[in-house]
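Following: one structure in structure tokens, then a few remarks.
The values are calculated or read from the model by the stated rules, or taken from the named source; none is laboratory data. Predicted model, so just to flag it, every value in this text is computed and none were measured. All Cβ positions, glycine included, derive from the backbone under ideal geometry; neighbour counts span all protein chains shown. In case anyone asks, the SASA skips ligands and DNA or RNA and just uses the protein heavy atoms, side chains included. Shrake-Rupley method; radii C 1.70, N 1.55, O 1.52, S 1.80 Å.
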Amino acid sequence: SNWSIHTPRAMMSPAMQRLLTCLLVTIFSVSAYPSSLSSSIMSNLRSLPSTAPLIIGYASNANSGKVDRAIVDGANIIIWSFIHLHITDDSKCTIKTSLDLVEIKRIREKYKHVVHLAAFGGWNGPHPPTFSNGSSLSGEKWCEVFMKFNEENDGLFDGIDWDYEGNDNLDAPTAKFTLETLDIMADFTTEAKSQGLIVSMAPAESYLDASVDPDSIDATFSLRLDLPPRAWTSPEDRDMIKGFSHAGRQCYAYVIAKAGVESFDFISIQLYEGYAPYVHEVTRGGKNPVDAIMERVDGFLGGYVVKGMPLTSSPEYEVKIPSSKLVIGIANRWA
């Protein structure tokens, strides 16, 4: 699990105080399903804290005791990893997960102030499935599948988090996105927001990179998730990463463009992505970590243009995330 550390403001540099001000960091069948949640489930949904900082952590094991300890230490949003969109052999659309839903319910009932989200995706995780004829449900219909699943579990989750990523196997279908997957994410998002659910996303830095040279190819949209990391270009860097080629390029920008940034409650940039530009700047380049973070914050707040977008309106889109929605994702020592 990834958690944040709180530091008293009096101990912070002015740059770190500014950073804390603008970031809240830590870290089954579709048929006959009503188009809105029941009133009992709606009343069970929790909202994001309106005044307290968001202390966010990802967790997969509800039985270890770590989540309870983290909540006692201040975590107020738990994102559970993972759930998956799934089509059964007899073509039924469902939600599939190995999470211990009974134990998550115990945690939810014990700590009434904590928000619980369900994350889709994960590294090597499946992307939205298709039927045998190659077609799939729309994002709106997949949202209805999730809402039915959530209602059957007494409104266990207050919303969802998008965490679709690539695959270790570069020949796997999920070593790239399809436009259909990004459309499902965007349409699911807008439907979920209309139903009162919380929606967040956690793009790897290369998937939504505000620190790029605006005139370079790095500011251009791509569906590929098998690209070499853009910052690691010297012979010494290449030797260090040993052929690593699992970066993306601005792919999540399309989801924001289509759904609208207002549809997201928060967007958490994974600076702990393997061989992220941020990691290169602070480890190989020796840049002050806070300065490197603030450059990215300024890029998102001020906006940066992504080119080559497959939008009907324009091939260019300005990614601009307000401070109230911007989160910087940091990891524990494993990263």
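Rounded to two decimals, what is Rg over Rh for the stretch 85-179 when you use alpha-carbon atoms and the Kirkwood radius?
Radius of gyration relative to Kirkwood radius: 1.00.
Below 8 Å, C-alpha to C-alpha, sequence gap of six or more: please give me the relative contact order for the stretch 152-286 in percent.
Relative contact order for the stretch 152-286 comes out at 32 percent.
Rounded to the nearest whole Å³, what is the per residue volume of the convex hull around the Cα atoms of the chain?
Value for the chain: 143 Å³ per residue.
Counting only DSSP beta bridges with both residues in the stretch 155-276, what percent are antiparallel, rounded to the nearest 5?
Taking every DSSP beta bridge within the stretch 155-276, about 20 percent pair in antiparallel fashion.
Relative to the present Cα-Cα distance, how much length would full extension add between SER245 and LYS105 at 0.36 nm per residue of separation?
So the chain would gain 46.5 nm between SER245 and LYS105.
I need the shape label for the stretch 184-335. Rule: rounded when a/c is under 1.5, else prolate if a/b > b/c, else oblate, with a, b, c from the alpha carbon gyration tensor.
Because a/c hits 1.5 or more and a/b exceeds b/c, the stretch 184-335 counts as prolate.
Label-point separation (nm) for ALA175 and SER98, each offset 7 Å from Cα along Cα-to-Cβ?
2.3
Could you name the lysines in cross-link range of LYS148, using Cα to Cα under 30 Å and dropping any fewer than eight places away on the same chain?
LYS66, LYS92, LYS96, LYS105, LYS110, LYS112, LYS176, LYS193, LYS258, LYS325
What do you get for Rg/Rh over the stretch 39-78 if you use C-alpha atoms and the Kirkwood form of Rh?
1.05
Quick check: convex hull of the Cα atoms in the stretch 227-280, volume per residue, rounded to a whole Å³?
In the stretch 227-280, the Cα hull volume divided by residue count equals 74 Å³.
Any idea of the accessible area per residue across the chain, 1.4 Å probe, to the nearest Å²?
For the chain, the per-residue accessible area is 44 Å².
If THR130, THR181 are ordered by their accessible area, calculated over protein heavy atoms with a 1.4 Å probe, which sequence runs from highest to lowest?
Listed by decreasing accessible area, they come as THR130, THR181.
Given a 1.4 angstrom probe, I'd like the percentage of the accessible area of the chain that is carbon and sulfur, rounded to a whole number.
52
So how far apart, in nm, are the two label points at SER64 and ASN124 if each is 7 Å from Cα heading toward Cβ?
A separation of 1.6 nm, rounded to one decimal place.
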